[in-house]
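The structure appears right after this line, and notes come after that.
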Amino acid sequence: MKSGRINHDNVHTALTCDDVLCEILLRLPEKSVFRLILVSRKWLHVICSNSFRSSYHSKWRESFHLLGFFVCNFLYLGRPRDGFRRPPWEPALPLLSTCKEGDDLKFSGVLKQLGYFIDSSNGFLLCGRHPMTYYIWSPITRKQYQLPQPQQYYRSLCMAFIVEDSHDDVICYKVIRAKCVCKPVEVNTVSIETFSSKTGAWKQSTLTCSSSFALCPRSVATVIGGVVYWFSVHKHLAIYDPYLGVRRLSLIKLPAGELSFDYEESVLGESSDGLLQYGQSSKLGIEIWVLEKEQSGYSSMYKSDTHWEKRWNLRYTLNFREMWKKNPTFTDRFSESQILSFLPRNSESVFIRSGSNIFLYQLESKRLDVVRYHGRGSSISWDSSKVVPYFRPSWPRSSLCQCINSMT
Amino acid sequence: MSSSSSPMQSTGRKLKLKSKDDETFEVEEAVAVKSQIFKYMVEDGVSNGPIPLPNVNGKTLARVLQWCQKHADPTITEDELNKYDAGFIDVDQAVLYDLLMAANYLNIEELLKLACMRVADMIKGKSPDEIRRTFNIKNDFTPEEEEEVRKENAWALGP
C-alpha cells in the first residue's frame with residue numbers, strides 16, 4: 001500500500017460523480033456548502049441545483065436572510081374616494097433596508113413600479129392596488145408579472161399569497177382574494193377568487209363554515225404548509241386549505257391572554273417545527289402560543305370549534321419591563337413596545353418595535369439587538385402602517401447555471 | 001486475500017464474488033447482505049456462479065468485505081464498532097476514494113456514510129483554493145465568471 005500518493009484518476013472519479021458529491025455535501029453545514037460554489041463549475045451547478053437544494057433541506061433546516069422591512073400604509077391602500085392621498089414624494093412601496101442587498105433592491109427602481117406592498121413569500125412579492133391591479137415580483141428572474149384582472153369586484157377584502165415549494169425548476173403560486181363584509185354581520189359563507197399560476201386565470205368559489213364569521217378586511221393571511229390562516233372578527237382564526245379540494249373554512253378561537261385584557265398587536269407566524277404560532281402584545285408584554293397539530297387528521301377540523309381551545313400551547317411570556325431591565329443600554333428612551341413580527345420558520349426570535357426602533361429579541365437568552373435600517377429619516381406613520389420584514393430564502397444561485405426558474 | 005476463513009458461526013450459504021482484476025472472494029450471505037445489491041440478489045434467489053463486480057478491484061473489495069464482516073458480527077459492541085470505523089477510514093485519499101466508489105456502487109449505506117463524513121471533514125474549514133489543491137480539482141472559472149458568482153452571492157460568501 002503506497003501511502004501518501006494520490007492516484008489522480010481516483011480523485012477525479014469520486015468527486016466528479018454527482019451522486020457521491022451530493023452525498024458528501026449533504027453532511028456539511030450551510031455556510032461550508034455555500035462557500036464551495038467557488039471550487040469549480042461542476043460544484044457550482046450541483047449546489048445550485050433544485051434537487052440538491054431539496055435533499056439538503058430535508059436534512060437541514062432552511063434559512064432565510066433579511067433584506068429589510070416593507071411598509072404598507074393603510075390610509076392609502078384601498079382608500080375611499082375622499083380619503084387620504086399619498087403625497088407624491090412618498091414612495092408607495094417603502095423599504096427600510098437592512099443590508100446591501102436591500103439597498104440594491106431599493107435603488108433598482110423596481111419597487112416604484114409595483115404599487116403598494118401586500119405580501120411576500122419565499123422572497124416573492126405580491127403588490128398592487130386594490131381592487132384590480134396586482135403584480136408578482138420574482139427574486140429569481142427579477143421581473144414583475146401583472147396578474148390578469150380579477151373577475152369579482154370586492155369593495156373590502158383580505159388576501160392570501162401562497163408560493164409552493166418547488167422541487168423542479170418551475171415556481172407555482174396562488175393568490176386568493178376574499179370578500180369581507182362591510183356591515184357588522186356574520187355569515188356562514190365567503191366568496192373568494194383564486195388565481196393559480198398553473199392555469200393563469202382567476203376562479204371564483206364560495207367557502208362555507210359551520211359557524212358564522214367575518215374575515216378582517218385589509219389583512220393578509222399567514223400561510224403555513226399551504227394552509228391559509230386569516231384573522232376573523234371577535235378574535236377568531238379562519239383556516240382554509242386550498243389543497244384539500246374541499247371548499248370549507250374552519251374557525252378556531254384565539255387564546256385569551258393572561259398578561260392583560262387589552263391587546264394591541266396580533267401577529268401570526270410559523271414555528272421552527274412547522275406549526276402556527278400566534279403572538280399578541282399589550283403594554284405589559286408579549287405572549288406567544290403555538291397551535292399543536294391535530295392528532296387524528298383533517299376530519300375533526302370541521303367539527304365545532306370548542307375542541308380547539310385546548311390545543312393552544314403557551315410557549316413564551318415576555319414582560320417588557322423585565323426585557324428592558326435585562327438590556328439596560330436601551331432603557332432610558334423607550335416606553336411603548338409591541339410585537340412587530342415573527343421570523344420565517346423560527347420559534348427562537350421575534351421582532352419588537354419601540355417607537356421607530358426595531359429590535360430582534362431572542363426568546364431563550366432574552367437578548368435584544370437593534371436592527372439597523374436605512375430610511376429612518378422618512379416619515380412613517382407607524383400606527384397606521386403595517387411594517388413587515390422581507391426575507392429571502394438563503395441559497396446560492398448563479399446566472400452561470402441554467403437553474404433560472406421560469407414563471408408560468 | 002479471501003475472507004472465507006471466518007471465525008464466526010457459518011450458518012448460511014456463501015456468495016462468490018469476483019473483482020474487476022479477477023480476484024475471487026467467498027463471503028457469508030449474512031455478511032454480504034450489508035450491500036443492498038447482494039441483499040436483492042439473495043432475496044431473488046440468484047447467484048450461482050461468482051458474481052462479477054467490474055467496478056471494484058480486489059484490494060478494495062477485500063477491505064469492504066472486512067468492514068462488512070465486522071459490522072455483521074452480532075457480538076461486537078457499539079463502542080468497539082465506532083473505534084473500528086475510525087481506524088478503518090483513516091486511510092490516504094486514494095484508498096478513501098476507492099472505498100467511496102465501492103460503497104456507492106455496492107449500495108452499502110453505512111460505509112458510504114462513513115466515507116462521505118471523512119471527505120466532508122477534509123473539506124470543512126478549507127477555502128475553495130485549498131480544496132482544489134487537496135482534491136486536485138481544476139479551477140475552470142474565468143476571472144470574470146468567478147467575480148460574477150461572488151457578486152451574486154455576496155451575502156452567502158461573507159466572512
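FYI, it's all coordinate maths here, none of it is from the lab. Every value quoted in this text rests on a predicted model; they were computed, and no experiment measured them. Virtual Cβ from ideal backbone geometry, glycine too; neighbours counted across all protein chains shown.
Observations on the structure shown:
- At an R0 of 25 angstrom, the distance between the Cβ atoms of residue A:63 and residue A:293 translates into a FRET efficiency of 0.60.
- Bridgeable aspartates and glutamates around residue B:39 (alpha carbons under 18 Å apart, same-chain partners fewer than 8 residues away excluded): B:26, B:28, B:29, B:73, B:109, B:110.
- Range in chain B, longest, excluding exposed trypsin sites (Lys or Arg not before Pro) [loop by DSSP; at most 13 other beta-carbon atoms within 10 Å]: B:14-123
- Label-point separation, residue A:316 to residue A:283 (7 Å along Cα→Cβ), nm: 2.4
- Annotation for the stretch A:17-80: trypsin sites (Lys or Arg not before Pro) lying in DSSP loop with at most 12 further Cβ atoms inside 10 Å of their Cβ are A:61.
- Length released on extending from residue A:234 to residue A:112, taking residue separation times 0.36 nm less the Cα-Cα span: 40.3 nm
- For chain B, calculated [θ]222 nm from helices alone, where every DSSP H run of n ≥ 4 adds -39500 (n - 2.57): -16500 deg cm²/dmol
- Loop sites in the stretch A:94-203: trypsin sites (Lys or Arg not before Pro), DSSP, at most 15 other Cβ within 10 Å: A:142, A:143, A:155, A:198
- Fully extending the segment from residue A:100 to residue A:140, taken as 0.36 nm per residue of separation minus the present Cα-Cα distance, adds 12.7 nm.
- Cα-based Rg of the protein assembly as shown normalised by 2.2 N^0.38 Å, two decimals: 1.19
- Distance from the stretch A:108-133 to the stretch A:322-373 (C-alpha centre basis), Å: 27
- Pairs beyond 31 Å (Cα-Cα), from A:42/B:14; B:83/B:124; A:31/B:83; A:253/A:283; A:100/A:325; A:31/A:366: A:42/B:14; A:100/A:325
- Cα-based reach from residue A:198 at 12 Å (exclusive), listing aspartates and glutamates while leaving out same-chain residues under 8 positions away: A:164
- Shape of the stretch A:62-206, Cα gyration tensor, a/c cut at 1.5: oblate
- For the pair residue A:372 and residue B:144, label points projected 7 Å from Cα toward Cβ lie 3.6 nm apart.
- Chain B shape via C-alpha gyration tensor axes, a/c threshold 1.5: prolate
- C-alpha long axis of helix B:143-152 to longest principal axis of chain B, angle in °: 90
- Summing Cβ point charges (Lys, Arg +1; Asp, Glu -1) relative to the Cα centre of the stretch B:1-143 gives a dipole of roughly 300 debye.
- With R₀ fixed at 35 Å, the C-beta to C-beta distance from residue B:84 to residue B:133 puts the FRET efficiency at about 0.70.
- Relative contact order [Cα under 8 Å, 6+ residues apart], chain A, whole percent: 16
- Cα gyration tensor shape for the stretch A:126-240, rounded if a/c is under 1.5, else prolate or oblate: prolate
- Cubic angstrom per residue, convex hull over Cα atoms of the stretch B:22-110: 94
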